[in-house]
Amino acid sequence: MSDILTVAFFSGLMAACVRLAIPILFTAMGEAISEQSGILNIGLEGYMLAGALAGFVGATFTGGNLWMGVLVAWIVGGLLGLLIGFLTITLRADQVVAGVALNIFALGATNFAFRIIFSSQLKSPTTDPFPTYPIPLLADIPVVGQAFFDHSIFVYLGYLLVPLTWVLLYKTSFGLKIRAAGEKPEAADSAGISVYGVRYACVIIAGSLGAVGGAFLTLGSLNLFVENITAGRGFIALTSVIFGGWHPVKIFGACLFFGLADAFQLRMQALDFGIPYQFLLMTPYVLTLIALFSLAGRTRAPSAITIPFVKESR
Amino acid sequence: MSRLTGFLAPLIAVLAAFLVGAILILSVGKDPIVAYTALFSGAVGDVFGLQLKFGETILKMTPLLFIGLGVAFALHCRVWNIGAEGQLYLGALGSILVALQWPDASAWFVITMTILASFLGGGLWAAIPAFFKARYRVDEIISTFLLNFVGLFFISYLAHGPMRDPEGFMPQTRMISENAELPILVEGTRIHLGIAVALFCALVIYIVIRHTTWGYELQAVGANPNAARYSGISVGKNIFLALVVSGGLAGLAGMGEVQGNMGRLTDTISPGYGFTGIVVAILGRLNPIGIIVAAFFFAILLVGGDAMQGAAQISSAIIEVLQGLIVLFVIGSEILVNKSFRRELIAKLRRRAVTEEPA
Amino acid sequence: MKRRLFVVLMAGLALALALVPGSAVAKVGGKFAVALMLPGSLNDGSWNAVAYKAGKQLEATLGIKVAIQEQIKDSDAERVMRGYAAQGYNLIIGHTFNWLDQLYKVSKQYPKTAFLESTGYKTRKNFGWADDPMYEGYYLCGIIAGMLTKTNKIGGVGGFEIPTTTAAIEAFRLGAQSVNPKVKLLATYAGSWTDAQKGREAAIAQIEAGADFVMGAGNGLTIGVIRGVAEKGARTFGYVRNMSNIAPEVVLTSVIWDLYSLFKEVTLQVMHGTFKGQRFSLGMARGGVLLAPYGPGVPDNVKRKVDEVRRKIISGEFKVPFVSKPTVGGKKK
């Protein structure tokens, strides 16, 4: 018991929390933007996987340039977002199934591409990790400093993404259009807003951000690629969006919450409290469910979500 | 013309997907003709000899059909059941508990009990998110989804611990005794009672949706909950029941897998049927007959895909890509389908009633 | 009306497909054929990849046909193995521990075909199983850790609480405690064989709890563990193959499972008609499991101790205990 009441424990715990939360954070921010415009995407696993591989390939083939990797991931994710947008906006296909299909496709496609590009080898290529930069002053705050402010720029970008998304959604005219498209697309359309255009933009951004989130795994954390490296994190990101009530700051909290639960459960196992490990593995999900049920009814999805918008001819 | 598009559109989509797949296969130096022949003959070849292949396709189709029916049923009420995977496992739990309880009873007794128990297991697991959705409007997409993990880990715990087979070595429950094995319907294959139960459920659902008040109420709630409430329909109750029945059907899928395929409860009895079932429901356009067809074709893809891998030595990655492409192309082709189908589907999913004829 | 037409056309299509000439059971012809069934990806860098390579090598050196299929799910295993048996394959290898029931059942129906599972516990005349001997290797790794640890805490990260995984982790503990009785083991089960980031975080969690040696037992999982160890400056060991290239400074050695020799021996037995359904123990004594060349920082006295114990294992003087129920972590006995 005395093991967990140390400063070192908390500091390590919170740092792990941040590491586990960041890939989900990027993806969740993107999905929040997309959902606020009315497009639900269950295929976040697909974006993340694609981004993980694309980023890794980008970095490996430019001699280890990690930022190139991020750029490649951004582009590939955007293209996938465009594809999903085309399917769900123009072709008005069902959004849930499009997402499931994207996941299946991306898993196969990334495995296929990985094998072709790196050919079946027993050695796994690696990249060097992003260097970490402790932020002066902030990193010296006891406990919290080490946990939050001694990471790589990638992580700091993640932090920055939260206020940026908030500003985008609530302080810009574009954000207004996004939310209008998600709440009352017919009214938005009569007001001259291009609902299709706005949704396309959002879905592409979601793809890009989702891919960058996946790239964090291969560029900022593990620095190598294994098949199915995302292992369900895309779904956690989706959960965070809803748990965070589609609001960037609350979503950030949700991502940290998930990261914390996961980091905590691993440490509980390491400290061997005799709890069967399956229950510890369950904790992030159970805690979210409890929180979800107790916040019952106080959050509401954008009204037009999952409903394809049909521009009425005049 | 529109009748034909209803059929042609998905067919062209599938062909287009196969074409792209063929390009991929060529790119790794394999022959697409060989591959695709292997796929179909591996799944439905030799039907009349009822060899392994066709029988295995039916076997694979069974859980997909159960879950497809379940997901579609809930969707009539605009309720998304993303928790079928977890409900399958909880249904399997109900099934194994009953089966292990009565190893010597008559087969009919045990199997009837397991059907009830598995329906109950899946239904109860769905009842949790159903309650919170009906009463507190908690979004069911996330709650059903999260419960998948909780359900799976719980079953894993049971199989590793309290229910572990004392004779065995592996973390799995004891094997069911012969009386609980689902009877084989066609000799020489592994086609079991499950498919008959599933088809029966399809029939029941068809009747319920089309010809009962309850079916009408479900659809009314799905189309426009406010209007439904004003006309005296209990929205909460319908939402609750829709999701619970959906869960029960997923539970039956679990029963089929435990008693017709694996013989035990382990934490790997489902390779994702809960999610593939959603695709089946949508491709089947929420209509029991369509779902039967969709489940059958998906089973062909899955079984044939394995055969393709074995016979043509193509990596499983290409098959996954092909499956994804097929779904993507087919749902993309939906817009070309007869407009009244589409309108019907949107009407089922929209909150507001459709008020205009398309131009 | 449209719906009915759709259904009729679909049914017609289905019937048409049904008439596709069944290459129903295409026999393999005269050549001796082995089917290798893998549960995971042949590209996973350990469990499946090593088997894949072994299979390919078998094909090349013995001149036989080896069909390798990957990503086979438990619920499909029975169908796949029956398919191979019906096609006349001579030997079917299920390279996992989850398919015992299926192999047992199918082997009954095809008495002329030989079946092998990688770990199991039941046999039949034509169905045998092979030990996963890696726990012997981990015992030796435990010795290394026990002698070099400064914190007296070592860790094991496994995928699931499967007997062979637990045995490896427990052997790690026993080996360490044999040279250093004060050593305490931390064990974590990540709930996945392939989630590399989980492996990394699990390793970091154990290191922050004081472990300075962490071993991983899982495919992608171990790769993640090694990355986590590399980041935190502890030390680790590779799984199934030499994994030192992932992080050369921290991988002291790897436990290598010589699947090729195992497969070759079984195949030759089947070819010569001497195959019996038995337990195949190709452990350290028979070269089935070995340690990779040492990484940096292993002092001579440690190497000598390892050699000494290794000799005892090979000669049979000492038998590494196979502990299948975890004493730490997981569900306690």
note = Taking every residue of C:232-243, the Cβ atoms of other protein chains inside 10 Å of its Cβ average out to 1
ask   = If we count other beta carbons within 10 Å of each Cβ, what is the order of A:Leu295, C:Leu91, fewest first?
value = A:Leu295, C:Leu91
ask   = C:Glu265 versus A:Leu137, label points 7 Å from Cα toward the beta carbon: distance in nm?
value = 6.8 nm
inquiry  = Using a 10 Å cut-off around each Cβ, can you sort C:Tyr52, C:Tyr84, A:Tyr170, B:Tyr157 from fewest to most neighbouring Cβ atoms?
reply    = A:Tyr170, B:Tyr157, C:Tyr52, C:Tyr84
query = Relative contact order for chain B: what is it in percent, counting Cα pairs under 8 Å that are at least 6 residues apart?
reply = 35 percent
task = Using per-residue counts of other Cβ atoms within 10 Å, averaged over each peptide, order B:318-325, A:279-286, B:226-233, B:30-37 from highest down.
result = B:318-325, A:279-286, B:30-37, B:226-233
inquiry  = Compute the angle between helix C:259-271 and the longest alpha-carbon principal axis of chain C, please, reported from 0 to 90 degrees and rounded to the nearest 10.
reply    = 40 degrees
key: Selected from A:Ser152, A:Ser208, A:Ser119 as most flexible by GNM, with chain A as the system and alpha-carbon contacts under 10 Å   = A:Ser119
remark   = Taking Cα atoms only, helix A:153-171 is inclined relative to the longest principal axis of chain A by an angle, in degrees rounded to 10, of 30 degrees
ask   = Taking the convex hull of the alpha carbon atoms in the protein assembly as shown, what volume per residue do you get, in Å³?
value = 162 Å³
query = Tell me, how many Å apart are the Cα centres for the range B:236-268 and for the range A:199-228?
reply = 34 Å
message = How much of the DSSP bridge set in the protein assembly as shown is antiparallel, in percent, rounded to the nearest 5?
response = 20 percent
task = At most 15 other Cβ atoms within 10 Å plus a DSSP loop assignment makes a site exposed; report the longest stretch of chain C without any exposed GluC sites (Glu not before Pro).
result = C:1-248
request  = Only bridges with both residues in the range C:88-160 count here: give the DSSP antiparallel percent, nearest 5.
outcome  = 10 percent
message = I'd like the distance between the alpha-carbon centres of the range B:172-233 and the range A:151-184, rounded to an integer number of Å.
response = 44 Å
message = Counting only helical runs of four or more DSSP H residues, what would the 222 nm mean residue ellipticity of chain A come to if each run contributes -39,500 (n - 2.57) and the total is spread over all its residues?
response = -22000 deg cm²/dmol
ask   = Relative contact order for the range C:110-181 using alpha-carbon pairs under 8 Å, separation at least 6, rounded to a whole percent?
value = 32 percent
task = Please identify, among A:Ile178, A:Ile33, A:Ile141, the residue showing maximal mean-square fluctuation in a Gaussian network model of chain A using a 10 angstrom Cα cutoff.
result = A:Ile141
note = Around B:Ala134 (Cβ within 13 Å, Cβ-to-Cβ, excluding B:Ala134; K/R +1, D/E -1) the net charge comes to +4
key: Considering only the range C:184-333, percent of DSSP beta bridges that pair antiparallel, nearest 5   = 25 percent
request  = Name the shape class, rounded, prolate or oblate, that the alpha-carbon gyration tensor gives for chain B, where a ≥ b ≥ c are the square roots of its eigenvalues, rounded holds for a/c under 1.5, and otherwise prolate holds if a/b is larger than b/c and oblate otherwise.
outcome  = oblate
Within a Gaussian network of chain B (alpha carbon springs, distance under 10 Å), most fluctuating of B:Ser118, B:Ser41, B:Ser106 = B:Ser106
Relative contact order (percent, whole number), the range B:160-319, Cα cutoff 8 Å, 6+ residue spacing = 19 percent
query = Once the Cα atoms of helix A:248-271 and of chain A are each reduced to a long axis, what angle between those two axes, in degrees from 0 to 90 to the nearest 10, is obtained?
reply = 30 degrees
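Laboratory data are not the source of any read-out in this text; all were calculated from the coordinates shown. Note that the structure is predicted; figures quoted are calculated from it, not measured. Please note: Cβ atoms are built from the backbone with ideal geometry, for glycine as well, and neighbour counts cover all protein chains shown.
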